[in-house]
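Since the structure comes first, as structure tokens, the remarks are kept for the end.
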Amino acid sequence: MNVLPEIFTKRDELVALRHDLHAHPELAFQEQRTSDRVAAFLAAQGIAVHRGLAGTGVVGVLKCGDSPRAIGLRADMDALPVREQNLFPHRSKHDGRMHACGHDGHTAMLLGAAQYLAAHPDFDGTVVFIFQPAEESDGGARVMIEQGLFQLYPVDAVFGMHNWPGLPAGQFAVHSGPVMACADQFDILLRGHGAHAAMPHQGRDPLLAGAALVQALQSVVSRRLDPLDSAVLSITQFFAGGEAYNIIPAEARIGGTVRTFKPEVEDAIEAAMEHICAGVAAAHGVQATLDYRRGYPPTVNSQAEAALCQDVLSDLVGAPNVLTDAAPSMGAEDFSYMLREKPGCYVWIGNGLAEGGCMLHNPHYDFNDAILPLGSSYWVRLVQKLLAN
Ligand code: NI
């Protein structure tokens with residue numbers, strides 16, 4: 001393993017920083033203390049600091065040489081509404097808030113890289129360090145982009161990294177193409193005519209139409225999509241009726257989620273759902289209104305940047321420790337918004353084997369301190385490769 005010696009000697013400082021962030025978790029768009037710490041740390045390295053995008057977002061700009069080349073490196077800062085069950089000294093000081101996804105580690109790793117690069121400006125171009133709020137729920141990346149992130153700080157490509165429990169420490173996974181799914185939601189309102197349950201012919205039953213629709217929608221994935229594409233359509237809500245046993249209700253509502261890896265598959269699913277809703281509603285004499293809402297888009301790495309990251313990581317940890325065939329995750333990630341704007345790559349860094357079920361978002365989870373210097377070294381090596389003199 002090829003961790004940079006100078007970063008390794010400063011690992012205690014990185015661990016202390018990570019523990020401080022872990023003990024003070026903040027939820028989406030409320031990362032004020034974290035934002036202050038990040039900004040102060042960057043400023044102390046002599047890095048130009050810009051604040052205010054998406055409220056608590058922090059952008060550090062480090063320019064060296066004359067090259068117009070620029071790359072963005074992104075970390076997320078927010079925590080989750082989870083009650084931490086760990087008992088170690090750096091556990092959350094705020095009941096009901098927890099860094100259960102390792103964003104404390106992501107922030108610390110990027111700060112470690114910023115510190116090294118500011119002290120060793122042996123590259124030619126601009127590094128834009130992006131610390132974003134609200135990855136978990138509200139799309140802080142999207143808000144930063146909407147508020148001008150890439151106009152104010154133009155980059156040629158953008159890079160992200162997430163820890164991955166279950167992947168051994170010392171290993172990475174790189175996907176060329178999709179790495180995380182989209183997370184769309186839908187509601188379908190069925191409007192019929194209410195009636196006495198003893199005289200159903202006088203009404204138009206939205207509940208029966210809804211039951212048919214739940215079944216018919218299962219044909220979207222099985223019959224409308226290429227079997228080689230991955231997708232899931234789960235109906236998770238079905239509301240109809242009130243207290244009475246003898247009334248056919250006038251309305252029913254169905255809700256659920258769609259996950260897939262390709263925007264074109266997302267489009268195909270939405271179109272098929274429209275078609276099936278209209279057809280089933282017509283067959284039952286009711287009206288169906290589909291409200292399909294796009295959530296985080298699929299996270300799709302560009303091939304050239306994924307290949308570059310794979311090269312950098314192979315030099316760092318050896319090719320056998322860089323997985324290129326790991327299955328993508330049906331989870332979602334708002335770095336996807338950045339990858340929609342710019343080419344780039346989002347890699348997984350092994351957090352260790354997750355003994356005891358300590359997956360992400362688990363109340364017993366903790367970021368693995370041992371990988372902090374490795375993550376920082378990856379960022380540095382990536383900059384040195386992409387912005388080589
Ligand atoms: Ni996360």
Item to check | residue 217 crowded, with 17+ Cβ neighbours inside 10 Å, under 30 Å from residue 323 (Cβ atoms), not assigned by TED's automatic domain parsing to the domain that holds residue 160 and not basic (Lys, Arg) | outcome: no
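Could you run through region 101-140 and say how many residues are in a loop (DSSP other than H, G, I, E, B), within 16 Å of the ligand (Cβ to nearest atom) and among the acidic types (Asp, Glu)?
Kept after step one, since they are in a loop (DSSP other than H, G, I, E, B), are these residues of region 101-140: 101-102, 120-124, 133-139.
The next check asks that each one be within 16 Å of the ligand (Cβ to nearest atom); those that pass are 101-102, 133-139.
Those still in the list that are among the acidic types (Asp, Glu) too: 135-136, 138.
Number satisfying all stated conditions: 3.
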Checklist entry - How many of the residues making up region 171-206 are more than 31 Å from the chain's Cα centre (by Cα) and surrounded by 20 or more Cβ atoms within 10 Å (Cβ to Cβ)? => result 5
Checklist entry - Here are some residues: 17, 27. Which one is in a helix (DSSP H, G or I), closer than 30 Å to residue 363 by Cβ and not small (Gly, Ala, Ser)? => result 17
Item to check | Criterion (within 16 Å of the ligand (Cβ to nearest atom) and open to solvent by less than 30 Å² (accessible area, probe 1.4 Å)) met by exactly one of 292, 365 | outcome: 365
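State whether the residues of region 24-33 include one that is open to solvent by less than 50 Å² (accessible area, probe 1.4 Å), modelled with pLDDT of 95 or more and under 25 Å from residue 377 (Cβ atoms). Reasoning before the result, please.
At the first step, the residues of region 24-33 found to be open to solvent by less than 50 Å² (accessible area, probe 1.4 Å) are 24-28, 31.
From what's left, modelled with pLDDT of 95 or more: 24-28, 31.
Among the residues that remain, those that are also under 25 Å from residue 377 (Cβ atoms) are: none.
Among the residues of region 24-33, not one is open to solvent by less than 50 Å² (accessible area, probe 1.4 Å), modelled with pLDDT of 95 or more and under 25 Å from residue 377 (Cβ atoms), which makes the answer no.
Any idea which of 226, 122 is surrounded by fewer than 19 Cβ atoms within 10 Å (Cβ to Cβ) and either basic (Lys, Arg) or closer than 30 Å to residue 102 by Cα (or both)? Working first, answer last.
Details: 226 fails: either basic (Lys, Arg) or closer than 30 Å to residue 102 by Cα (or both).
Sole residue among the options that is surrounded by fewer than 19 Cβ atoms within 10 Å (Cβ to Cβ) and either basic (Lys, Arg) or closer than 30 Å to residue 102 by Cα (or both): 122.
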Next on the checklist: Can you go through 82, 61 and tell me which one is open to solvent by 10 Å² or more (accessible area, probe 1.4 Å), of a type in the set (Val, Ile, Thr), in contact with a His (Cβ under 8 Å, 6 or more places away or on another chain) and assigned to a loop (DSSP other than H, G, I, E, B)?
Outcome noted: 82
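The values are calculated or read from the model by the stated rules, or taken from the named source; none is laboratory data. For clarity, every value in this text was computed on a predicted model and none was experimentally measured. So basically every Cβ, Gly included, is an ideal-geometry build from the backbone, and we count neighbours across all protein chains shown. The accessibility values were calculated without ligands, DNA or RNA, using every heavy atom of the protein model including side chains. Shrake-Rupley method; radii C 1.70, N 1.55, O 1.52, S 1.80 Å.
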